[in-house]
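First up is the structure itself, then whatever we jot down about it.
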Amino acid sequence: MDVLLFGIAKDIVGRSEIQILAEDAVPNSVQELKAFMIRKFPDFGKLSSFAVAVNSEYAEDDVPLDRNDEIAIIPPVSGG
Amino acid sequence: MDVLLFGIAKDIVGRSEIQILAEDAVPNSVQELKAFMIRKFPDFGKLSSFAVAVNSEYAEDDVPLDRNDEIAIIPPVSGG
Amino acid sequence: MQKKIIEIVEKIDTSQVFTELSDAQSGGICVFVGTVREFTQGEEVVSLEFETYQKMALKEMDKIASDAIQKWNLNKVIIRHAVGLKKVAEPVVAVGASSAHRDACFEACRYLIDTLKETVPIWKKEMFENKTIWVSAHP
Amino acid sequence: MQKKIIEIVEKIDTSQVFTELSDAQSGGICVFVGTVREFTQGEEVVSLEFETYQKMALKEMDKIASDAIQKWNLNKVIIRHAVGLKKVAEPVVAVGASSAHRDACFEACRYLIDTLKETVPIWKKEMFENKTIWVSAHP
């Protein structure tokens, strides 16, 4: 499963994309992905909040994840 | 006493300026000027309202008029 | 650098207005442009004509700009009105403000156009196919 | 004629925005431009850098524009955001709307910028003399 990273999320991980491999227990939902990120990179727990986008739409915690989805971490936005 | 006319005031009188001569009993205040205009040109009485400017500032009814003042009739404005 | 731009012009050039209001201390610029609308109350407008008592209009516009600068702590303000004959879609007025934060410039911009319409001695004549009307003149 | 202009660009050209929003059915056009402010909380900003998840940002911007058109019966809407490095006083975002009457375009314009700041995946990094900060990232 590939996960795109932007803004401070990219800085925390040090890359613009991560691959979650089978041995990592691939997250099955948005909620599981969030928990995974915080466990793996504790600095995600320090953010004001962060969202997950599935196929370039905001996704609620209960949305299931498929390995073919385009998945992205959306840290607090600050456009404008 | 010269009085400048704009917009519909100019159309009512048919000119962009009128001269009030001594034989007309020259108005001594804004209020008297308004009454004079309505008496002389009854169409002024049909307007939504009209104001008088003295030396290019809005003037209340009790402001006295001097023949050296720049006096103007300000029909309802509609800029913008 | 001047804080206020107050002008009555023959033709409004909208292309420079953001550059004119641009400012290192400003995070936001809000501009309103009024244009000639094709239909008013269902009738087709052929053109508009604006007339002004220029000396007084500039004074009143200046007062509005100064009041807004003081009330909202603006960095720059523009009030520019056109006179003469205007066709459909042409700009007739441009007002705008720049400020540190966006609340101030939005509120100020609204104040500028609302107050201009109430107090500045400018008169608009609407020309239709078969008649002309001085706007707001009659109840 | 397209009703919506939704763009992410390297550089914002403010000179065309009123022409782009101009419309025979509109009596008013309201535009907000956000610019880089020299000081933020008393510290001097050297530059800003904007990054986006472009595919998603365009989708979100399009939703905002469509919602506004429906809610305020707008004739035209622009939402344009810049990405990359921006210096003090440069425009970073331009949003605007045209409508028959001015109430609608003012309210819509405010909605466009407020909602963009809440939902569109664009991130701003402020660069000061000795540090850089991702705006809003931390509580």
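Read-outs: derived from the displayed coordinates by stated rules, not from any lab. Because the structure is predicted, anything quoted here is derived from the model rather than measured. Using ideal geometry, Cβ is built from the backbone for each residue, glycine included, and neighbour counts are taken over all protein chains shown.
Couple of notes before you dig in:
- Across the copies of the chain, D:Leu85 has label points (7 Å from Cα along Cα→Cβ) spaced 5.3 nm apart, shortest distance listed first.
- Reach of C:Lys3 by Cα under 13 Å, taken over aspartates and glutamates that are not fewer than 8 positions away in the same chain: C:Glu20, C:Asp23, C:Asp62, C:Asp67
- Computed about the Cα centre, the dipole magnitude for the stretch C:4-135 is approximately 260 debye when only Lys and Arg (+1) and Asp and Glu (-1) carry charge, each at its Cβ.
- Positive dipole terminus of the stretch C:4-135, leading residue within C:Ser47, C:Thr35, C:Met61 (C-beta point charges): C:Met61
- Estimated vicinal HN-Hα couplings, Hz - the stretch B:23-32 in sequence order (Karplus 6.51, -1.76, 1.60; Gly, Pro = x): 5, 8, 6, 4, x, 9, 8, 4, 4, 5
- Less than 5 angstrom separates the built amide H of D:Ser47 from those of D:Met127, all sequence-distant by 5 or more or on a different chain.
- Legend: Rg and Dmax of the stretch A:2-74, from Cα coordinates, 11.0, 30 Å.
- Taking the axis that rotates chain D onto chain C, the chain D residue nearest to it by Cβ, with the distance rounded to whole Å, is D:Ser15, 2.
- In loop segments of the stretch D:1-35 as defined by DSSP, the GluC sites (Glu not before Pro) with at most 10 further C-beta atoms inside 10 Å of their C-beta are D:Glu10.
- When B:Asp66 is represented by a point 7 angstrom out along its Cα-to-C-beta vector, the spacings to that point in the other copies are 8.8 nm, nearest first.
- In Hz, Karplus ³J(HN,Hα) per residue of the stretch A:67-75 (6.51, -1.76, 1.60; θ = phi - 60°; x = Gly, Pro): 5, 8, 5, 8, 10, 9, 8, 10, x
- Around B:Val30: net Lys/Arg minus Asp/Glu count, Cβ-Cβ under 9 Å: -3
- Couplings 3J(HN,Hα) of the stretch D:36-46, computed from phi: 7, 9, 5, 10, 9, 6, x, 9, 7, 7, 7 Hz, in residue order, whole Hz [Karplus 6.51 cos²θ - 1.76 cosθ + 1.60, θ = phi - 60°; x for Gly and Pro].
- Whole-angstrom gap from the stretch B:1-41 to the stretch C:1-52, using each part's C-alpha centre: 34 Å
- For residues of D:46-58, the mean tally of beta carbons on other chains within 10 Å: 4
- GNM top mover of B:Glu23, B:Glu57, B:Glu32 - chain B, alpha-carbon springs below 10 Å: B:Glu23
- Sorted largest first, extent of chain D alpha carbons per principal axis (Å): 51, 26, 25
- Taking amide H atoms as placed 1.01 Å from N in the peptide plane, the amide H of C:Arg37 lies under 5 Å from those of C:Ala89, each 5 or more residues away in sequence or on another chain.
- The trypsin sites (Lys or Arg not before Pro) of chain A that meet both conditions, a loop assignment by DSSP and at most 14 other Cβ atoms within 10 Å of the site Cβ, are A:Arg15, A:Arg67.
- Helix C:54-72 and the longest principal axis of the Cα set of chain C meet at an angle near 40°.
- Sparse-neighbour loop sites [GluC sites (Glu not before Pro); the stretch D:52-139; at most 14 other C-beta within 10 Å; DSSP]: D:Glu129
- For A:Ile74, the residues 5 or more places off, or on other chains, whose built amide H falls under 5 Å of its own are A:Ala51, A:Val52, A:Ala53.
- Residues in the stretch B:42-80 that a label on B:Asp2 would reach, taking backbone N under 18 Å of a point 7 Å out along Cα→Cβ: B:53-57, B:65-74
- Pairwise label distance in nanometres, C:Thr19 with B:Ala22, each label 7 Å out on the Cα-Cβ vector: 6.0 nm
- Square roots of five times the Cα gyration tensor eigenvalues for the protein assembly as shown, Å: 56, 22, 15
- In nanometers and ordered shortest first, the copy-to-copy spacing of the C:Phe39 label point, defined 7 Å from Cα toward Cβ, is 5.2.
- Residue-count net charge about A:Asp69 - beta-carbon cut-off 11 Å; Lys, Arg +1, Asp, Glu -1: -3
- When each of C:Lys87/D:Lys76; A:Lys40/D:Lys11; C:Lys87/D:Lys59 is checked by Cα-Cα distance, pairs over 30 Å: A:Lys40/D:Lys11; C:Lys87/D:Lys59
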